[in-house]
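Working notes for the structure below.
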Amino acid sequence: MEAGAMSAGAAVHDEHHHGPPPANRSSRVEPQLLGMLLFIISEIMVFGAFFTAYFFIRVVAGDQWFPVRGHALPVAVAAFNTAILLSSSLTMHWAQTSIKNGNRFGLKAGILSTFLLGSTFLFVQINEYIHIGFAPHDFAQASVFFGLTGLHGAHVFIGLTLLAMVTVRSWRGHYTPAEHRGVEVPGIYWHFVDIMWVVVYTSVYVL
Amino acid sequence: MLNPLRSEDEAFRALLWVVGVAAVIIAIVLIARALF
């Protein structure tokens, strides 16, 4: 009935549907998931470009990595920040698992904790930038450092924006065990932000 | 086959996998640097 009505160009009046007409679906993948999938793939390409610059400086050009000109990276602070971000993924998973099982307390506590932990990570990172002692334009290694960590920080900010919306909606009583895509999709994004941080931390701070 | 883009659960497991692999790589590199 839907296909026939659309091909005829007639407006479909469905008393149960609110908002604009449903978008055309040409993929078996759910639109929301497909959108996040394509977005994350493009993000992997962006990070790939920045890692290429890192690889070029460190491997191809053979330049010395940190410490450079007396400046060392705060590995311990970044390790603490890594623990915070990994914990936020745990709480995110807790929130998602909770709503799947109809546990509203777990959803609210989990998503709020995730948001607070993510905010703490960003706050610590900004504080690190203020006290690190060098600027992006000082030397090539600094440019790559700020480029990679700054790009990641921007993604954390985007994630926090999504999480803020999910937190507000969770506390307003939205989401059900059957319909919680609004928790799942930001959750996938958040775990990817965490995965990228593990890669950035390992290559920039540790190795 | 783990598809981290299929669900939050798989994305979380992919994260755990990446953390494990990173820990192994770090351990190998640091031990190699200490020995050679």
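The values are calculated or read from the model by the stated rules, or taken from the named source; none is laboratory data. Since the model is a prediction, treat every value here as computed from it, not as a measurement. Virtual Cβ from ideal backbone geometry, glycine too; neighbours counted across all protein chains shown.
Within segment A:162-200, work out how many residues are without any contact (Cβ under 8 Å) to a residue 40 or more places away in the chain and under 17 Å from residue A:32 (Cα atoms).
Total meeting the criteria: 6.
Residues are listed down the side, and each one gets a yes or a no for (1) over 16 Å from residue A:165 (Cα atoms); (2) within 23 Å of the chain's Cα centre (by Cα):
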| position | (1), (2) |
| --- | --- |
| A:67 | yes, no |
| A:75 | yes, yes |
| A:82 | yes, yes |
| A:87 | yes, yes |
| A:93 | yes, yes |
| A:98 | yes, yes |
| A:105 | yes, no |
| A:114 | no, yes |
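Condition check ((1) surrounded by fewer than 21 Cβ atoms within 10 Å (Cβ to Cβ); (2) within 14 Å of chain B (Cβ to nearest Cβ); (3) part of a helix (DSSP H, G or I); (4) of a type in the set (Ser, Thr, Tyr)) across all residues:
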{"position": "A:120", "(1), (2), (3), (4)": "yes, no, yes, yes"}
{"position": "A:136", "(1), (2), (3), (4)": "yes, no, no, no"}
{"position": "A:144", "(1), (2), (3), (4)": "no, no, yes, no"}
{"position": "A:167", "(1), (2), (3), (4)": "no, no, yes, yes"}
{"position": "A:178", "(1), (2), (3), (4)": "yes, no, no, no"}
{"position": "A:190", "(1), (2), (3), (4)": "no, yes, yes, no"}
{"position": "A:193", "(1), (2), (3), (4)": "no, yes, yes, no"}
{"position": "A:199", "(1), (2), (3), (4)": "yes, yes, yes, no"}
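Looking only at segment A:84-106, count every residue that is surrounded by 13 or more Cβ atoms within 10 Å (Cβ to Cβ), out of contact with any Ser or Thr (no Cβ under 6 Å at 6 or more places or on another chain) and polar (S, T, N, Q) and tell me the total.
6
Pull out all pairs, ordered by first then second residue, where Cβ-Cβ is under 8 Å, the residues are six or more apart or on different chains, the first lies in segment A:49-76 and is under 23 Å from residue A:130 (Cα atoms), and the second is of a type in the set (Ser, Thr, Tyr) and surrounded by 10 or more Cβ atoms within 10 Å (Cβ to Cβ).
Listed by first residue and then by second, the contacts come to A:54/A:203; A:73/A:205; A:75/A:205.
Condition first: within 15 Å of residue A:197 (Cβ to Cβ), among the β-branched types (Val, Ile, Thr) and buried (at least 17 other Cβ atoms within 10 Å of the Cβ). Now tell me which residues in segment A:63-83 satisfy that.
Residue satisfying the conditions is A:82 alone.
Given the criteria closer than 20 Å to residue A:184 by Cβ and modelled with pLDDT of 85 or more, does residue A:73 qualify? Break it down stepwise before answering.
Details: closer than 20 Å to residue A:184 by Cβ: no; modelled with pLDDT of 85 or more: yes.
So residue A:73 does not fit the description; no.
Of all residues in segment B:5-36 being assigned to a loop (DSSP other than H, G, I, E, B) and either modelled with pLDDT of 95 or more or more than 7 Å from chain A (Cβ to nearest Cβ) (or both), which is nearest to residue A:87 (Cα to Cα)? Reasoning before the result, please.
Of all residues in segment B:5-36, those assigned to a loop (DSSP other than H, G, I, E, B) come to B:5-7, B:36.
Subset that is either modelled with pLDDT of 95 or more or more than 7 Å from chain A (Cβ to nearest Cβ) (or both): B:6, B:36.
Details: B:6: 22, B:36: 35 Å.
Among those that are assigned to a loop (DSSP other than H, G, I, E, B) and either modelled with pLDDT of 95 or more or more than 7 Å from chain A (Cβ to nearest Cβ) (or both), it is B:6.
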